[in-house]
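One structure is given here, and the rest of the page talks about it.
The values are calculated or read from the model by the stated rules, or taken from the named source; none is laboratory data. Since the model is a prediction, treat every value here as computed from it, not as a measurement. Cβ placement follows ideal geometry from the backbone for every residue including glycine, while neighbour counts extend to all protein chains displayed. All accessible areas refer to the heavy atoms of the entire protein, side chains included, with ligands and DNA or RNA removed. Shrake-Rupley method; radii C 1.70, N 1.55, O 1.52, S 1.80 Å.
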Amino acid sequence: MTQGLELCDANLQVAVSNGSQPTLLQVTAEDGAPGWPGYVLRENNAFICGQAAEDVWLIRPRNVIHSFWSKLSLEPTALAGESRPLSYSEIAYTFLRRFSERLRTSSPSPVRMALAAPGAYLRDSTVAEEKIGLLLGMAADLKLPLCGILDLATASLCDPRAPRFNPARPVLHLDLHLHAAELSLLVSGERLERRGFLHLPGSGLVTLLKHLSGTMANRFLRQTSFDVMADGRTEQLFYNQTKSLFYGNEADFVYQINTAKRGYELPVKRDSLGADAQAFTEALLKSILAFAEENHLRPGLCAIALSERASRVPLLEGRLRAAGFVRILHLPAGAAAAGAAQLAGALFTTRADLADVPVVTAVPAEFAARRVSAPWDVHVQKARVTPLPHPPPTHLVLEGVGLSLAGRERVTIGTQGQGATLPLPESFNPATSCCIVLERAAGHWQLEDPAPAEAAGERRARIDVATGDRLVFRTGNHTVDVLLAHCPAAN
């Protein structure tokens with residue numbers, strides 16, 4: 001049995017593999033919390049790690065630290081030990097020790113473990129020597145059966161659960177950690193290899209969630225005349241609810257704050273996160289486009305892979321598509337952990353001396369080449385209905401289930417894992433590049449021809465579609481129709 005550990009301070013995750021499909025392990029804390037964000041609370045001589053520490057961060061900010069993984073080093077922190085300030089590496093070691101103790105209660109000891117480390121740890125030899133040296137020291141002291149250290153982005157694209165991609169195209173991998181975003185360029189030749197990297201400090205989840213919580217708190221104050229920021233406890237409760245909204249999928253959400261005298265509520269729409277996060281999203285998009293230009297990449301000729309964390313940035317996918325990125329891959333949660341678990345069994349062997357553990361940013365392409373997108377096509381089957389003109393379509397109908405077009409100007413239809421407005425059945429999953437766009441123009445719906453434009457910079461051809469028309473998708477032996485229908489009741 002092999003394990004893969006995804007070292008991301010937003011949430012440490014572990015996957016296990018017995019040579020078949022890897023699965024994520026649920027590593028629970030002593031209080032039953034399933035997540036392990038990189039927060040540590042110093043309480044007298046004791047340490048509380050993970051979700052329990054984040055839950056009191058705004059109540060006891062002087063006693064909680066969450067930057068020890070991003071600043072991993074021997075430098076001192078603001079947290080005091082018995083005789084001196086604790087270093088970032090000491091706090092990281094305490095966190096990893098507590099996590100590994102809980103891991104042993106959740107799973108038998110593995111034969112080998114591979115670690116997927118943040119790209120920032122491997123950006124140059126000087127940084128890698130310090131960061132990796134500290135990680136190897138921790139692994140040795142904790143007796144972890146470490147056999148290899150991988151770049152997190154490279155490991156993510158080796159997850160067998162991930163959407164397929166064309167190895168002939170470069171891939172931009174975007175991930176969010178607590179204090180930074182990481183953008184990696186990966187290419188496939190004989191090896192899947194990281195060729196470029198960009199570290200974006202200040203574009204992490206701490207910045208985003210604090211900003212969203214602040215804007216929601218202002219909205220709460222205007223509606224209820226109650227200031228949640230006036231007290232650390234109510235601020236923490238409000239932040240926790242913002243985090244629930246951010247990580248949830250509900251269209252409607254209600255903030256609730258109860259005091260000794262009365263309760264306060266603020267109903268909000270999930271869509272409001274898009275407007276609140278606009279500056280964050282635009283800054284992220286600007287960095288992605290600059291990185292692509294610096295590496296001579298055209299958005300339409302490369303894929304962009306979003307980690308599960310990055311996929312949650314409000315309106316990011318829409319802005320990427322508007323900028324020309326048409327191949328967007330949504331990686332599953334724990335993709336780096338699952339990829340590392342697979343590679344631990346296939347590439348690495350047990351090392352008697354951890355100083356011999358390999359550190360890699362490239363792996364044989366065979367671990368990614370099997371995810372070439374299966375061929376697919378789509379054609380328009382025009383309706384044979386008279387008289388004309390037809391009433392405008394109000395719904396798209398797929399396998400008997402309708403998707404309302406009311407209030408929409410743009411709809412994507414594609415394979416699962418791409419965040420399509422209308423996902424195709426699971427039988428189309430191998431055709432991961434399958435994605436088409438319907439747009440409303442001057443009151444009429446048009447299909448953007450998925451075939452590439454013949455000339456650089458040329459817009460793709462557009463095909464008018466109307467009520468009664470069918471979009472017939474085909475891949476291999478699988479076929480499915482999407483019907484454009486008019487339902488009078490919808491009006």
Against the longest principal axis of the chain, how steep is helix 232-247, in degrees 0 to 90 to the nearest 10, with axes from Cα atoms?
40
Over segment 193-296, with every protein chain in place, what whole percent of the accessible area is carbon and sulfur at 1.4 Å, could you tell me?
49
So for segment 278-420: antiparallel DSSP bridges make up what percent, rounded to the nearest 5?
50
Quick one: what are the phi-derived ³J(HN,Hα) couplings along segment 192-198, Karplus 6.51/-1.76/1.60 with θ = phi - 60°, whole Hz, x for glycine and proline?
7, 9, 7, 10, x, 8, 9
Explain nothing, just the number: relative contact order of segment 107-205, from Cα pairs under 8 Å at least 6 residues apart, as a whole percent.
24
Which whole-number percentage describes the relative contact order of the chain, with Cα contacts under 8 Å and a sequence gap of 6 or more?
16
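Given the chain, what percent of its DSSP beta bridges are antiparallel, to the nearest 5? Display every interim value, and only then the final one.
On the way: 74 of 96 bridges.
Just about 75 percent of them are antiparallel.
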With -39,500 (n - 2.57) per DSSP H segment of 4 or more residues and division by the full residue count of the chain, the 222 nm estimate, nearest 500 deg cm²/dmol, is -8000 deg cm²/dmol
Between helix 205-224 and the chain: long-axis angle, C-alpha atoms, 0 to 90°, nearest 10:
70
Relative contact order [Cα under 8 Å, 6+ residues apart], segment 299-367, whole percent
33
Please compute the per residue accessible area over the chain with all protein chains in place, 1.4 Å probe, rounded to a whole number of Å².
45
Work out the charge dipole of the chain with +1 on the Cβ of Lys and Arg and -1 on the Cβ of Asp and Glu about the Cα centre, then indicate which of Q256, G137, L329 is farthest towards its positive end.
Q256
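With a sphere of radius 13 Å drawn around the Cβ of G148, what net charge do the other residues whose Cβ falls strictly inside it have (Lys, Arg +1; Asp, Glu -1)?
On the way: positive: R112, R351; negative: D151, D356.
Result for the local shell: 0.
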How far is helix 125-142 tilted off the main Cα axis of the chain, in degrees rounded to 10, range 0 to 90?
70
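Applying a 10 Å radius around every beta-carbon, put 124-132, 164-172, 16-24 in order of their mean neighbour count, most first. Could the numbers behind the result be given before it?
Values: 124-132: 13.3, 164-172: 19.2, 16-24: 16.3.
Descending packing order for the listed peptides: 164-172, 16-24, 124-132.
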